[in-house]
1. Where in the stretch 187-206 does the amide nitrogen come within less than 14 Å of the point 7 Å from the Cα of E92, taken along Cα to Cβ?
2. Suppose every K and R has +1 on its Cβ and every D and E has -1 on its Cβ; what is the size of the dipole of the chain about the Cα centre, in Debye to the nearest 20?
3. Which pairs, out of K151/K173; K128/K173; K23/K142, put more than 19 Å between their alpha-carbon atoms?
4. Starting at the first residue of the stretch 47-61, write each ³J(HN,Hα) from the Karplus equation 6.51 cos²θ - 1.76 cosθ + 1.60 with θ = phi - 60°, in whole Hz, x for Gly and Pro.
5. From the helices alone, meaning DSSP H stretches of at least four residues, give me the mean residue ellipticity at 222 nm for the chain, per-run term -39500 (n - 2.57), in deg cm²/dmol to the nearest 500.
6. What list of ³J(HN,Hα) couplings, whole Hz, do you get for the stretch 96-102 from phi and the Karplus terms 6.51, -1.76, 1.60, once you set θ to phi - 60° and write x for glycine and proline?
7. Sort L233, L193 by accessible area with a 1.4 Å probe, largest first.
8. Can you check what the Kirkwood hydrodynamic radius comes to for the chain, Cα pairs only, in Å to one decimal?
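The values are calculated or read from the model by the stated rules, or taken from the named source; none is laboratory data. Keep in mind that what you see is a predicted model, and the values were worked out from it rather than measured. Heads up, the Cβs are rebuilt from the backbone with ideal geometry, glycines too, and the neighbour counts pull from every protein chain shown. Note: accessible area is taken over every heavy atom of the protein model, side chains too, but ligands, DNA and RNA are not part of it. Shrake-Rupley method; radii C 1.70, N 1.55, O 1.52, S 1.80 Å.
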Amino acid sequence: RVVILVISIFCMSFSLQGKKKEKRSVVRIETSEGVIRIALSDDTPVHRDNFLRLASEGFYDGTLFHRCIQDFMIQGGDPDSRGAAPEAVLGEGGTGYTLPAEICMPYLYHVRGAMAAARDPDDVNPEKRSSGCQFYIVWGKKFTDTSIREKRALLKSRGYEMSGKMVDDYIMKGGTPHLDGEYTVFGEVIDGLKVVRVIQLTPTDANDRPRQDIVIRHVEVEQESAAARQSRLSR
């Protein structure tokens, strides 16, 4: 099973939030529960360009959010989930390729609403390469001053420091800080967080698949950043 889990090859020293004044690439995900709009980071160009291309090709249309865990995250993008039988175990589908990790700590992290790439676990994927298509959107939980200390220590053991902004976000907004430094975060929800909330609360089976299919009806590119456009035209 592809599981959410990704190390940095390169990152610019700007946060996703710090780029709000610039025009970012935005995708619109229409689901059976409502619309989620995602802004993609120019600090993760490989993941950004890949997602924009797949969205433009209709790759995600008709697929499911096939793995949803309350107070954690919702995962989608498995092409095998399109039209899957109710008893089918999902999560193994892919594009036939993986992406190099682009972890940008401490600028892109697992605050609530972050979108990140799924991947195979370390024992078969020591380079922490991302799935070519599967992604997850973070929900997580809110932390206290006391409970965040353990996560700060965990992150430090991975060679990263948790910034003051990260601490504030995990306390005020929530998230999944134990994933930081392990997965590539490459986008954030800018509209539709209430839809994410509804989806992560859905009843699921023993494999965390929603008992009632939650369909990604259509994904479209609303706008491209200048960097994404230049990258596309240069290919």
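1. No residue qualifies, since no backbone N sits under 14 Å from the label point.
2. On the way: 33 positive and 33 negative charges, 141 e Å.
That gives the chain a dipole magnitude of about 680 debye.
3. Flagged as over cut-off: K128/K173; K23/K142.
4. In residue order, the calculated couplings are 5, 4, 5, 5, 5, 4, 5, 4, 4, 5, 8, x, 4, 8, 4 Hz.
5. About -6500 deg cm²/dmol.
6. Karplus-based 3J(HN,Hα) across the stretch 96-102 equals x, 9, 10, 10, x, 5, 9 Hz.
7. Heavy-atom accessible area, descending, gives L233, L193.
8. 17.6 Å
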